[in-house]
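The block underneath contains the structure these notes are about, expressed in structure tokens.
The values are calculated or read from the model by the stated rules, or taken from the named source; none is laboratory data. Since the model is a prediction, treat every value here as computed from it, not as a measurement. When we count neighbours, we look across all protein chains shown, and the Cβ atoms used for this are built from the backbone with ideal geometry, even at glycine.
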Amino acid sequence: AQLFVLPLVSYYFHRVPTLAVFSNILIIPLASIIIFVLYMCILSSLVFIPLARVCGYLVSLLNSVLIHICNFFALIPGSVIFFIITPTIFLLYYLLFFKKTRFIGVVLLLVMLNLQTVASFSEAIIIKRSPYGLLITTPAQEHIFITDKKRSLRLKAFLDYQGIRELDYLIAPEKFYRVKKEFIEMVDGLHFKKIGFGRLQILLSRKFRLEFDGKRILQDWNDVRNSDSDSMEYIVANSRHIFRFRDDIAGSIFDRLLIEIRMLWAQISTFNIFINLTKIWSNKPKNSVDVEC
């Protein structure tokens, strides 16, 4: 059962519990007792209220014990592994459970893993334009988030849903998320900042401009403030090509699958074998940030 639900847990929560089998030995019987006592509480409330209060106290007590057990296993080092699974791997994983489709599943998994490996060496920049701001992934696999919105639970939920545990750089009015390298405060309309992340250049002022390898990709604040609250635009770009496609934020797993395939194709289309082999062999360090005010 744990193996069967593993992709579901990883896809929706971006984490895998390693000690779930052992914790469930205690949690499931205790939860069954709580449910039984809860039904007794409901039935006794129709006949004798004091008995219902006693049952309610027992439910509260057992629930506290259940929470303590969960917290005990959660505090054990390595009890949770943060892991992001893509829709393609998610769907192909279940082909391995059936004998007739197992061979096809193995072949398709190997093909997808190889394609994703090639795409990971692409020199393209990936931009996710959402109602909450811009989430940028550089070729060095650094995550930059740009927003003019202040602290909000929705901003945190959006980044968590994207599988981002920690940003490399945050450009916002205030620091609201974990930042590994640097937080850069957003400017008002009377000031400007020119920020360089290696080949990526960002200008913040009354106007907004984002350039990569000298090619202008976004050039207005409206490009940051996505007016459509139900969709997200994906941009894959390098100095030669720009690919754009849109998806519903609350889309199904099949919508995510189509977006993943399109993004994978866009990354492979921007792959230059000579440039990327040089990148692999040279093993250059990651970009440093350069801010001009």
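Within segment 12-25, identify whether any single residue is without any contact (Cβ under 8 Å) to a residue 40 or more places away in the chain and either within 30 Å of Trp265 (Cα to Cα) or within 22 Å of the chain's Cα centre (by Cα) (or both), and answer yes or no. Yes, segment 12-25 contains a residue that is without any contact (Cβ under 8 Å) to a residue 40 or more places away in the chain and either within 30 Å of Trp265 (Cα to Cα) or within 22 Å of the chain's Cα centre (by Cα) (or both).
Within segment 144-180, the set of residues being touching a Ser or Thr at 6+ places or on another chain (Cβ under 9 Å) and of a type in the set (A, V, I, L, M) comprises Ile144, Leu155, Leu170, Ile171, Ala172.
In segment 51-94, which residue that is among the polar types (S, T, N, Q) and over 30 Å from Glu260 (Cα atoms) is nearest to the chain's Cα centre (by Cα)? Among residues in segment 51-94 that are among the polar types (S, T, N, Q) and over 30 Å from Glu260 (Cα atoms), the one nearest to the chain's Cα centre (by Cα) is Asn71.
Count of segment 93-137 residues, restricted to those that are small (Gly, Ala, Ser) and surrounded by fewer than 16 Cβ atoms within 10 Å (Cβ to Cβ), is 1. If you check Lys156, Lys175, Lys180, Lys150 for being over 26 Å from Ser122 (Cβ atoms), surrounded by fewer than 19 Cβ atoms within 10 Å (Cβ to Cβ) and either out of contact with any Phe, Trp or Tyr (no Cβ under 7 Å at 6 or more places or on another chain) or polar (S, T, N, Q) (or both), only one passes: Lys150. Residue under question is Tyr169, and the condition is that it be of a type in the set (Ser, Thr, Tyr), modelled with pLDDT under 80 and either surrounded by fewer than 16 Cβ atoms within 10 Å (Cβ to Cβ) or more than 24 Å from Ile253 (Cβ to Cβ) (or both); does it hold? Criteria not met by Tyr169.
Collect the residues in segment 3-17 that are under 20 Å from Pro77 (Cβ atoms) and modelled with pLDDT under 75, keeping them in residue-number order.
Those that are under 20 Å from Pro77 (Cβ atoms) and modelled with pLDDT under 75: Val9, Ser10, Phe13, His14, Arg15, Val16.
Where helices (runs of 4 or more DSSP H) fall entirely within segment 45-121, those with at least 2 residues that are polar (S, T, N, Q) are at 49-74, 99-120.
Among the residues of segment 271-285, none qualifies, meaning not one is modelled with pLDDT of 80 or more and not β-branched (Val, Ile, Thr). Answer with yes or no whether Val80 is in contact with a strand residue (DSSP E or B) (Cβ under 6 Å, 6 or more places away or on another chain) and farther than 27 Å from Trp221 by Cβ. Considered against the rule, which asks whether it is in contact with a strand residue (DSSP E or B) (Cβ under 6 Å, 6 or more places away or on another chain) and farther than 27 Å from Trp221 by Cβ, Val80 comes out as yes. Residues in segment 197-221 that are among the aromatic types (Phe, Trp, Tyr) and surrounded by 19 or more Cβ atoms within 10 Å (Cβ to Cβ) were compared, and the one that is farthest from the chain's Cα centre (by Cα) is Phe208.
Close Cβ contacts (under 7 Å, 6 or more residues apart or on different chains) running from residues in segment 28-48 that are in contact (Cβ under 8 Å) with a residue 12 or more places away in the chain and in the same structural domain as Val65 (by TED's automatic domain parsing) to residues that are surrounded by fewer than 12 Cβ atoms within 10 Å (Cβ to Cβ) and in a loop (DSSP other than H, G, I, E, B) are absent.
Determine whether Ile261 is at pLDDT 75 or above and touching a Lys or Arg at 6+ places or on another chain (Cβ under 9 Å). Steps first, please.
Details: at pLDDT 75 or above: yes; touching a Lys or Arg at 6+ places or on another chain (Cβ under 9 Å): no.
Judged against the criteria, Ile261 is not a match.
Going by the structure shown, is Phe72 outside the structural domain of Met263 (by TED's automatic domain parsing), closer than 28 Å to Asp160 by Cβ and loosely packed, with under 14 Cβ neighbours inside 10 Å? So Phe72 passes the test. Among the residues of segment 198-211, is any among the hydroxyl-bearing types (Ser, Thr, Tyr), in contact with a strand residue (DSSP E or B) (Cβ under 8 Å, 6 or more places away or on another chain) and modelled with pLDDT under 80? Yes, the conditions are met somewhere in segment 198-211.
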